[in-house]
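Student: Here's a structure for you.
The values are calculated or read from the model by the stated rules, or taken from the named source; none is laboratory data. Computed from a prediction, not measured in an experiment: that's the story for all the values here. No Cβ is skipped: glycine too gets one built from the backbone with ideal geometry, and neighbour counts run over all protein chains shown. Heads up: the accessible areas ignore ligands, DNA and RNA and are worked out on the full protein's heavy atoms, side chains in. Shrake-Rupley method; radii C 1.70, N 1.55, O 1.52, S 1.80 Å.
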Amino acid sequence: MKKVATIILNRNLPAVTERLHEHLTKYDGEQTDIYVVEAGSDIEKLSRYVTWHANSDEVLRNGLRYGRGMNFGLTQLLKEGKFDQYDAFFLLTNDTELKAGPTLAPLISILNDHPRVGILSPCSERWGERFLLKTENTKYFWFIHNNAYLLRREFIESICVKEQPDMMDFLFDGTNFRGYGSEHELIAKAYANDWAAAITSEVWASENESHLLDHADQIKTEGYEENLKLYVTEGRRWMRKKYGFNSHWSMQQYVKGFYDKFFEFHPEYSQFKI
Amino acid sequence: MIHQRLQSFLQKRHCTLLGVGPMSINCVDATIELANEHEVPILMIASRRQIDSEEFGGGYVNNWTTEDFARYVTDRDKKGKILLARDHGGPWQSTKEKDAQLGLRRAMDSAKSSYRADIAAGFQVLHIDPSVDIHGQPDVDEVLDRVFDLYEFCWTQAQQSKQEIIFEVGTEEQSGSTNSQEELDYTLNAIKKFCTQNKLPQPTFVVIQCGTRVMEMRNVGSFDSPVRVANEIPAEIQLPKMIEICNHHGIFMKEHNTDYLSDEGLQWHPRLGIHAANVAPEFGVAETKALVNVLESNGLSNHAERFLKISYDSNKWDKWMLENTRATDRDRSLIAGHYVFSMPEVKELKIEAGKELERKGIHLEEYLKQQVKQSILRYLRNFRLVRSS
């Protein structure tokens, strides 16, 4: 029985997805089952590793993006009765690039060593956070980009929507389509429920933005600049509607409050506080 | 007393103090007027390239020497609201020291000479920044040794001339000693120890890299960016940590390169606990844009063209360009405009244009000053120094 379910989100980039799938199979195949969500991909651009093809009219038109896409994959596992079989879920977009070598074994080992970590992310060589991971390779943060999250099942179970879960509502709030502020929300939910969010430099993952920059038409998304504008505008609207926050700084302070509280109640983890 | 005054003001107002670069006479006048009209302290932060002593041939701002500049400000600052501040003092911070390829000792002596003139002229805030070294990359301890040398020198000079001064340490440059949390903590501990041992006052401000960086006519740092800036710790992480360290050491945190941040970003400065922030080129660009606009919209396009060309030819825009810049020649001229305000041909051009504009009831210099005031007011309002009406 494999411990981890990896969900790869793809839209119309079969070669990129297949490369990632094959990388994981090669280096982490013993640790993980791999599921590919085709987020409204054209039928002729499905990856040969496709597991589920989300292909309603709306999804074909707009895709799923990160939040809805991961909700879709996770709820499919629920429906198929597989969710409970896994200890953790590795959520990846197709543009994730991993180093040659095992990624998941070191991550699982960290989850074992850090029983209150609910969210674990490999660091990226482009992230400044690596400067904070010199004395300790793993530290707890209040802000992590959702590049490659490994989520503990118990953490997901403690915060997920249990009533009629679907792509709009399970782990992420699907109403925030492009996801600006979603990481803040997930991490706030973690610390509010006594779970920590960690970054580790034991393994590395990066996001190859060139796919979005160079193949926006193929992915059927807006160009980079337009996408960024929409990402922020929609996210801010969502934040205001849901939390009454007019700035991401409010959201950040909200998360940081829970973060600080976590260490008050868990002084044993203070060495992992940044 | 200066330190206590600022501390009490910050505590009462829950604000962020503003440091304004003296980019031009109009900018200096605008700053003095705003500080006096609203009765708020404003730091006038002069770099050595902008203002320096006679020995260094003055600076590019109105060709003022330190003495002339200080006299000009103090004569007009009726309520004593302006704090004259040296920004990035230290060796090789003057173009002359760089061009002459001075060695360390001579560069340090030269920096001391510049500080001596600052103190004699009545500067109250001295930024000790020896992080620049044209001959190599000094490590944190070497930078600290230089800080101590200059710090003690300035304090002794000030004591001898019975002048009250406060200090700013640290730098936002990558070569600096306050970039990472460990470096900041180490630096502040070392300075605290040095000051205690030598019975010197602790520094008032420390410069912290807050995720701000000015290029062209925008802020390209992570502070206001919704996306990650490569190799930078996101401001969401960096800022609260650095503020925590500053508060622990009882030192005010100062942000440099605050120019062009959004209103929202600025409004968060007091809430985040940023004690002070410096803004400079934005005010120079605001005046340049106002000048070009007023000329072009009043049938003086010829004058505008001449000014833009002089500015472009100065090449002063070069250091502000992004690597893959898409800036037009006009953009480059707008970026460099304030560097050429004091050139005789620009002064002449403005006098000519001013006469034409007078006929239309526009007082050119007054108009430009008002535009700069608006630009500065954006910061005063967002920093809670002036209440929005």
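Student: Do you know which residues across the range A:202-228 are at pLDDT below 85 and of a type in the set (Gly, Ala, Ser)?
Tutor: A:Ser210, A:Ala216, A:Gly223
Student: Restricting attention to the range B:69-89, report how many residues are crowded, with 17+ Cβ neighbours inside 10 Å and farther than 23 Å from B:Glu168 by Cα.
Tutor: 1
Student: Something else now. Go through (1) open to solvent by 40 Å² or more (accessible area, probe 1.4 Å); (2) in contact (Cβ under 8 Å) with a residue 24 or more places away in the chain; (3) within 13 Å of chain B (Cβ to nearest Cβ) and name the single condition A:Asn193 misses.
Tutor: (3)
Student: Could you tell me whether B:Ile166 is free of Cβ contacts under 8 Å to residues at least 60 places away in the same chain and open to solvent by less than 30 Å² (accessible area, probe 1.4 Å)?
Tutor: So B:Ile166 fails the test.
Student: Show the residue pairs that are 6+ apart or on different chains and have beta-carbon atoms under 7 Å apart, the first residue being within the range B:260-279 and facing chain A (nearest Cβ under 10 Å) and touching a residue at least 40 places away in the same chain (Cβ under 8 Å), the second being assigned to a loop (DSSP other than H, G, I, E, B) and open to solvent by 30 Å² or more (accessible area, probe 1.4 Å).
Tutor: B:Gly265/B:Asp224
Student: Which one of the conditions (1) in contact with a Cys (Cβ under 6 Å, 6 or more places away or on another chain); (2) more than 14 Å from chain B (Cβ to nearest Cβ); (3) within 18 Å of A:Lys273 (Cβ to Cβ) does A:Phe170 fail to meet, given that it meets all the rest?
Tutor: (3)
Student: Can you tell which of B:Gly103, B:Gly136 is within 28 Å of A:Leu133 (Cα to Cα), of a type in the set (Gly, Ala, Ser) and open to solvent by less than 60 Å² (accessible area, probe 1.4 Å)?
Tutor: Only one candidate passes the filter, namely B:Gly136.
Student: Continuing with the same structure: Taking the range B:219-239, which residues are surrounded by 21 or more Cβ atoms within 10 Å (Cβ to Cβ), charged (D, E, K, R) and more than 9 Å from every other protein chain (Cβ to nearest Cβ)?
Tutor: Of everything in the range B:219-239, nothing turns out to be surrounded by 21 or more Cβ atoms within 10 Å (Cβ to Cβ), charged (D, E, K, R) and more than 9 Å from every other protein chain (Cβ to nearest Cβ).
Student: Consider the range A:113-146. How many of its residues are touching a Pro at 6+ places or on another chain (Cβ under 9 Å), at pLDDT below 95 and more than 9 Å from chain B (Cβ to nearest Cβ)?
Tutor: 0
Student: Whether any residue in the range B:188-202 is polar (S, T, N, Q), farther than 21 Å from A:Tyr180 by Cβ, open to solvent by 20 Å² or more (accessible area, probe 1.4 Å) and at the interface with another protein chain (Cβ under 10 Å from one of its Cβ atoms) is what I want to check.
Tutor: The answer is no, given that none of the residues of the range B:188-202 is polar (S, T, N, Q), farther than 21 Å from A:Tyr180 by Cβ, open to solvent by 20 Å² or more (accessible area, probe 1.4 Å) and at the interface with another protein chain (Cβ under 10 Å from one of its Cβ atoms).
Student: Can you tell me which residues in the range A:72-104 are surrounded by 19 or more Cβ atoms within 10 Å (Cβ to Cβ) and small (Gly, Ala, Ser)?
Tutor: A:Gly73, A:Ala88
Student: Name the residues in the range A:86-106 that are part of a helix (DSSP H, G or I) and under 16 Å from the mean Cα position of the chain (by Cα), would you?
Tutor: Once the filter is applied, which keeps residues that are part of a helix (DSSP H, G or I) and under 16 Å from the mean Cα position of the chain (by Cα), the range A:86-106 yields only A:Leu104.
Student: Is it true that A:Lys256 is surrounded by 15 or more Cβ atoms within 10 Å (Cβ to Cβ), among the basic types (Lys, Arg) and assigned to a helix (DSSP H, G or I)?
Tutor: So A:Lys256 fits the description; yes.
Student: While we're here: Under 9 Å between Cβ atoms, which residue pairs at least 6 apart in sequence (or on different chains) link something in the range A:241-260 that is away from chain B (no Cβ under 12 Å) and under 17 Å from A:Asn176 (Cα atoms) with a partner that is of a type in the set (D, E, K, R) and assigned to a helix (DSSP H, G or I)?
Tutor: Qualifying pairs under 9 Å: A:Lys242/A:Glu185; A:Tyr243/A:Glu185.
Student: Looking at the range B:339-364 only, could you name the residues that are part of a helix (DSSP H, G or I) and either crowded, with 16+ Cβ neighbours inside 10 Å or not charged (D, E, K, R) (or both)?
Tutor: Matches in the range B:339-364: B:Tyr339, B:Pro344, B:Val346, B:Leu349, B:Lys350, B:Ile351, B:Ala353, B:Gly354, B:Leu357, B:Leu364.
Student: Still on this model: Filter the range B:365-389 for residues that are of a type in the set (D, E, K, R) and without any contact (Cβ under 8 Å) to a residue 40 or more places away in the chain; which is most open to solvent (accessible area, probe 1.4 Å)?
Tutor: Residue satisfying both the conditions and the ranking: B:Arg387.
Student: Something else: Testing B:Glu172 on (1) free of Cβ contacts under 8 Å to residues at least 60 places away in the same chain; (2) over 18 Å from B:Leu200 (Cα atoms), one condition comes back false. Which one is that?
Tutor: If we test B:Glu172 against (1) free of Cβ contacts under 8 Å to residues at least 60 places away in the same chain; (2) over 18 Å from B:Leu200 (Cα atoms), just (1) comes out false.
Student: For A:Ser158, which of the numbered conditions (1) free of Cβ contacts under 8 Å to residues at least 60 places away in the same chain; (2) out of contact with any helix residue (DSSP H, G or I) (no Cβ under 9 Å at 6 or more places or on another chain) fails to hold?
Tutor: Only one criterion is unmet by A:Ser158, namely (2).
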